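A.B. asks: Can you read through this structure? Questions will come right after.
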Amino acid sequence: MNNQIHIDGENYFITLAITKVMDDILKNSQLNISHLKMAAVVDATPFLELQRFQKLSLDVYDLIFCSEYFYNIVCEFSPENINKFVCVDNDIASLRNNLESLIKGFNRNYSTRPYFPDGDREKSLFTPCELSFINDYFSCMRAKQIARVTGNNVKSVSNKKRNIMNKIHCTKNSDFYITLYFLNMLHKVELELHEPITNVRSTVAWKRVSGQETGAFQYAH
């Protein structure tokens, strides 16, 4: 049986360590992994690891070895793809048990390999209004610019950003950036970047009901 292990990855020591764990799993078993396409993206910081993710076509791979940072994002927001990702921050015993379970699953029914949905997708994590804000923000528009073109004040725009950050469990701007870009790779948010807008949009962004801001942060579409 041809059971050669090959893991795509730029970090030699990480791929070597994972290969050793997989060798131990396969040594006394009849499991076949020759059909599995694997990649290791682990790096020193989440930002560097995101850059490694961006070099991959995620749907090509059966198993992707990553840090706990990205594994937790998958668990929380893309659980249908959890069997595609392996957290390497666990202790060796946990990593070995998790890998063995995943490989057995592939051997039982390879046709059920993890996938990234491309047709009917689940309900979006964000409302259309939040998506508009996210795309403005990621198009390098400052809070003052967003406030001006949407008819809001800067405080309302800052509150909207904070609410979105809370939704995806981010407390820092760097985490906000990394998490949203990774969610885009998981098809959980569509980033449609554009040139910064200067003209005021035609619709009123915030409506007031009984003196309170409604949940709709409405943009022109």
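A.B. asks: I'd like to verify a number: residues in the stretch 148-161 that are assigned to a helix (DSSP H, G or I) and either at pLDDT below 85 or closer than 25 Å to LEU183 by Cβ (or both), how many? Outline the logic, then answer.
C.D. replies: If we filter the stretch 148-161 for residues that are assigned to a helix (DSSP H, G or I), which is where we start, we get 148-150, 154-161.
Filter once more, so that each one left must be either at pLDDT below 85 or closer than 25 Å to LEU183 by Cβ (or both): 149-150, 156-161.
Total meeting the criteria: 8.
A.B. asks: Name every residue in the stretch 70-110 that is in contact (Cβ under 8 Å) with a residue 40 or more places away in the chain and of a type in the set (Lys, Arg), in order of residue number.
C.D. replies: Residues satisfying the conditions are ARG96, LYS104.
A.B. asks: Can you pull out the residues in the stretch 27-60 that are surrounded by 17 or more Cβ atoms within 10 Å (Cβ to Cβ) and free of Cβ contacts under 8 Å to residues at least 40 places away in the same chain?
C.D. replies: Our first condition is that a residue be surrounded by 17 or more Cβ atoms within 10 Å (Cβ to Cβ); within the stretch 27-60, this holds for 33, 36, 38-43, 46, 49-50, 52-53, 58.
Once the filter is applied, which keeps residues that are surrounded by 17 or more Cβ atoms within 10 Å (Cβ to Cβ) and free of Cβ contacts under 8 Å to residues at least 40 places away in the same chain, the stretch 27-60 yields MET38, ALA39, VAL41, ASP43, GLU49.
A.B. asks: Right, next: Please verify whether SER101 is part of a helix (DSSP H, G or I), of a type in the set (Ser, Thr, Tyr), at pLDDT below 80 and farther than 26 Å from ASN184 by Cβ, treating the condition exactly as stated. Give the derivation first.
C.D. replies: Details: part of a helix (DSSP H, G or I): yes; of a type in the set (Ser, Thr, Tyr): yes; at pLDDT below 80: no; farther than 26 Å from ASN184 by Cβ: yes.
Judged against the criteria, SER101 is not a match.
A.B. asks: Could we say that LEU63 is over 20 Å from TYR181 (Cβ atoms) and either among the hydroxyl-bearing types (Ser, Thr, Tyr) or at pLDDT 90 or above (or both) here?
C.D. replies: Working: over 20 Å from TYR181 (Cβ atoms): yes; either among the hydroxyl-bearing types (Ser, Thr, Tyr) or at pLDDT 90 or above (or both): yes.
It is true that LEU63 is over 20 Å from TYR181 (Cβ atoms) and either among the hydroxyl-bearing types (Ser, Thr, Tyr) or at pLDDT 90 or above (or both).
A.B. asks: Determine whether ILE14 is modelled with pLDDT of 90 or more, of a type outside the set (S, T, N, Q) and surrounded by 19 or more Cβ atoms within 10 Å (Cβ to Cβ). Give the steps one after another, and end with the answer.
C.D. replies: On the way: modelled with pLDDT of 90 or more: yes; of a type outside the set (S, T, N, Q): yes; surrounded by 19 or more Cβ atoms within 10 Å (Cβ to Cβ): no.
So ILE14 does not fit the description; no.
A.B. asks: Which residues, taken from the stretch 162-177, are assigned to a helix (DSSP H, G or I) and crowded, with 18+ Cβ neighbours inside 10 Å?
C.D. replies: Applying the first criterion (assigned to a helix (DSSP H, G or I)) to the stretch 162-177 yields 162-167, 173-177.
Selection gives ILE164, PHE176.
The values are calculated or read from the model by the stated rules, or taken from the named source; none is laboratory data. As the structure is a computational prediction, the values presented were derived from the model and not from experiment. Backbone-built Cβ (ideal geometry, glycine too); neighbour counts: all protein chains shown.
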